[in-house]
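Worksheet for the structure shown next.
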Amino acid sequence: MEKKYNWGIVGTGLIAHEMGNVLTKSGRKVYAVCHIKRDKAEAYGNEYQVGKVFYNIDEMLKDEKLDIVYIAVPHNLHYEMIIKALKAGKHVLCEKVITVNNIQLEEAVQIANERKLVLMEGMTIYHMPLFKEVKKRIDSGIIGRVKLVQVNFGSCKEYDVTNRFFAKELAGGALLDIGVYAVSFARYFLDGKPDNILTTAQYFETGVDEESGIIMQNEQGQMVVTALTMRAKQPKRGVVAGEKGYIEIDNYPRADKAVITYTRDGSHEVISMGETGNALLYEIEDMEKSIMCDKDNTYLNYSRDVTSLLTEIRQQWGFQYPFE
């Protein structure tokens with residue numbers, strides 16, 4: 001009989017509501033919720049019939065029956081919440097970006113390893129069935145050796161200098177909000193982490209990065225070309241190009257379809273797998289499997305590479321957040 005895990009949610013924003021819906025519809029239950037504002041915590045608790053409502057994370061973490069903490073607060077708070085949850089003996093699934101820099105993440109990884117806890121990033125790309133299937137196909141040699149990954153993400157956020165997307169103190173900016181998807185996409189299909197980066201950025205009036213171009217290369221000679229924009233729409237499109245063909249994935253953060261084009265004759269093959277609407281369910285399932293199997297967390301290793309790359313990119317820009 002499979003163990004039923006008690007999930008606690010920190011935060012009550014849009015993604016926290018989506019997670020609450022998925023947990024409930026999948027036959028699980030939101031065991032606890034935490035928000036510093038009483039009205040928001042209680043409203044969430046009433047909507048999802050949450051057994052325990054907290055206004056302080058320290059109080060929530062004292063509950064011995066709580067198994068997994070899902071962190072859905074702004075980026076600048078992730079590190080603090082992760083460390084507290086791990087030190088309290090809880091497994092952690094944290095929304096992307098898992099932390100704002102690699103120093104924070106490596107500290108969290110060390111604590112998780114010492115306590116034999118699962119720490120995982122809520123990066124949909126790693127968990128969508130389509131990506132697992134595409135990776136299998138690539139590993140089988142279907143498009144030959146991967147030579148280049150091209151990936152774009154453009155989100156036209158409404159002009160609002162007070163929005164968290166543009167707030168430097170909340171770790172806003174295109175790189176951590178949408179760029180993490182693009183870099184995660186690229187890293188997933190590479191043979192190794194890039195060690196050579198060329199990049200430049202344009203800044204929004206609040207001081208956060210509004211758009212950027214990023215070129216990366218690993219020691220295996222594979223290249224990545226990425227374009228990010230936060231005030232201009234682009235298709236969310238990734239291309240993995242190999243010696244025998246290329247694979248296109250549109251709307252890749254939660255994709256359920258990919259198209260392979262074979263170089264030899266221009267023929268196409270469509271791969272359909274999974275469902276876009278179940279993106280968070282796949283995260284939940286992989287999280288619980290990792291806890292049950294006590295296996296090496298491959299997903300976390302990808303997150304470590306990506307966080308390191310994002311940190312190096314910002315270092316090249318000379319860009320830091322005020323709380324770093």
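The values are calculated or read from the model by the stated rules, or taken from the named source; none is laboratory data. Quick caveat: nothing in here was measured; it's all calculated off a predicted structure. Here the Cβ positions follow ideal geometry from the backbone for every residue, glycine too, while neighbour counts run over all protein chains shown.
Give segment 110-137 a look and list any residue that's within 14 Å of Ala258 (Cα to Cα) and either modelled with pLDDT under 95 or surrounded by fewer than 19 Cβ atoms within 10 Å (Cβ to Cβ) (or both), or say none.
Pro129, Lys132, Glu133, Lys135, Lys136, Arg137
Would you call Leu86 assigned to a helix (DSSP H, G or I), modelled with pLDDT of 95 or more and farther than 30 Å from Gly242 by Cβ? Write out each step before concluding.
Values: assigned to a helix (DSSP H, G or I): yes; modelled with pLDDT of 95 or more: yes; farther than 30 Å from Gly242 by Cβ: yes.
Against the criterion (assigned to a helix (DSSP H, G or I), modelled with pLDDT of 95 or more and farther than 30 Å from Gly242 by Cβ), Leu86 qualifies.
Taking into account only those residues within segment 277-310 that are small (Gly, Ala, Ser) and closer than 27 Å to His17 by Cα, which is surrounded by the most Cβ atoms within 10 Å (Cβ to Cβ)? Write out each step before concluding.
The first filter runs over segment 277-310 and keeps only residues small (Gly, Ala, Ser), leaving 277, 279, 290, 303, 308.
With closer than 27 Å to His17 by Cα added as a condition, the list becomes 277, 279, 290, 303.
Values: Gly277: 10, Ala279: 20, Ser290: 20, Ser303: 28.
Among those that are small (Gly, Ala, Ser) and closer than 27 Å to His17 by Cα, it is Ser303.
Could you give every pair whose Cβ atoms fall below 7 Å, whose first residue belongs to segment 1-20 and is on the phi > 0 side of the Ramachandran plot, and whose second residue is of a type outside the set (A, V, I, L, M, F, W, C), counting only separations of at least 6 or pairs across chains?
Hits for this filter: Gly11/His35.
If you take the residues in segment 229-240 that are within 28 Å of Gly144 (Cβ to Cβ) and out of contact with any Pro (no Cβ under 9 Å at 6 or more places or on another chain), which one is surrounded by the fewest Cβ atoms within 10 Å (Cβ to Cβ)?
Checked segment 229-240; the qualifying residue surrounded by the fewest Cβ atoms within 10 Å (Cβ to Cβ) is Pro235.
Could you tell me which residue of segment 9-50 is surrounded by the fewest Cβ atoms within 10 Å (Cβ to Cβ), considering only residues that are among the aliphatic types (A, V, I, L, M) and assigned to a loop (DSSP other than H, G, I, E, B)? Walk me through it before giving the result.
Taking segment 9-50 as the starting set, the residues that turn out to be among the aliphatic types (A, V, I, L, M) are 9-10, 14-16, 19, 22-23, 30, 32-33, 36, 41, 43, 50.
Within this subset, residues satisfying the condition of being assigned to a loop (DSSP other than H, G, I, E, B) are 36, 50.
Working: Ile36: 13, Val50: 23.
This residue is Ile36.
Out of the residues in segment 138-173 that are exposed (fewer than 15 other Cβ atoms within 10 Å of the Cβ) and of a type in the set (S, T, N, Q), state the one that is farthest from Val97 (Cα to Cα).
Per the stated criteria, the residue is Ser140.
Let's see how each residue does on (1) in a helix (DSSP H, G or I); (2) over 23 Å from Lys147 (Cα atoms):
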{"site": "Ile260", "(1), (2)": "no, no"}
{"site": "Asp265", "(1), (2)": "no, no"}
{"site": "Leu300", "(1), (2)": "yes, yes"}
{"site": "Leu309", "(1), (2)": "yes, no"}
{"site": "Arg314", "(1), (2)": "yes, yes"}
{"site": "Phe319", "(1), (2)": "no, yes"}
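Name the residue, out of Val73, Val33, Val69, that is in contact with a Gly (Cβ under 6 Å, 6 or more places away or on another chain), under 24 Å from Ile178 (Cβ atoms) and among the aliphatic types (A, V, I, L, M).
Val73
Go through segment 86-108 and give me each residue that's touching a residue at least 40 places away in the same chain (Cβ under 8 Å) and buried (at least 21 other Cβ atoms within 10 Å of the Cβ).
Within segment 86-108, Lys90, His91, Leu93, Glu95, Lys96, Val97, Ile98, Thr99, Val100, Asn101, Leu105 qualify.
Restricting attention to segment 240-261, which residues are hydrophobic (A, V, I, L, M, F, W, C) and under 17 Å from Met128 (Cα atoms)?
Listed by number, the residues that qualify are Val240, Ile247, Ile249, Ala255, Ala258, Val259.
Could you please let me know if Gly266 is buried (at least 20 other Cβ atoms within 10 Å of the Cβ) and out of contact with any Ser or Thr (no Cβ under 8 Å at 6 or more places or on another chain)?
Judged against the criteria, Gly266 is not a match.
Across segment 267-298, what is the number of residues that are closer than 30 Å to Gly144 by Cβ, in a helix (DSSP H, G or I) and polar (S, T, N, Q)?
2
Please indicate, with yes or no, whether at least one residue in segment 74-97 is in contact with a strand residue (DSSP E or B) (Cβ under 8 Å, 6 or more places away or on another chain) and of a type in the set (Phe, Trp, Tyr).
No, there is no match, as no residue in segment 74-97 is in contact with a strand residue (DSSP E or B) (Cβ under 8 Å, 6 or more places away or on another chain) and of a type in the set (Phe, Trp, Tyr).
Regarding segment 192-208, can at least one residue be identified that is within 27 Å of Lys136 (Cβ to Cβ), at pLDDT 95 or above and polar (S, T, N, Q)?
No, segment 192-208 contains no residue that is within 27 Å of Lys136 (Cβ to Cβ), at pLDDT 95 or above and polar (S, T, N, Q).
Looking only at segment 155-186, which residues are touching a Leu at 6+ places or on another chain (Cβ under 7 Å) and modelled with pLDDT of 95 or more?
At the first step, the residues of segment 155-186 found to be touching a Leu at 6+ places or on another chain (Cβ under 7 Å) are 164, 174-176, 178-180, 182-183.
Listed by number, the residues that qualify are Ala174, Leu175, Leu176, Ile178, Gly179, Val180, Ala182, Val183.
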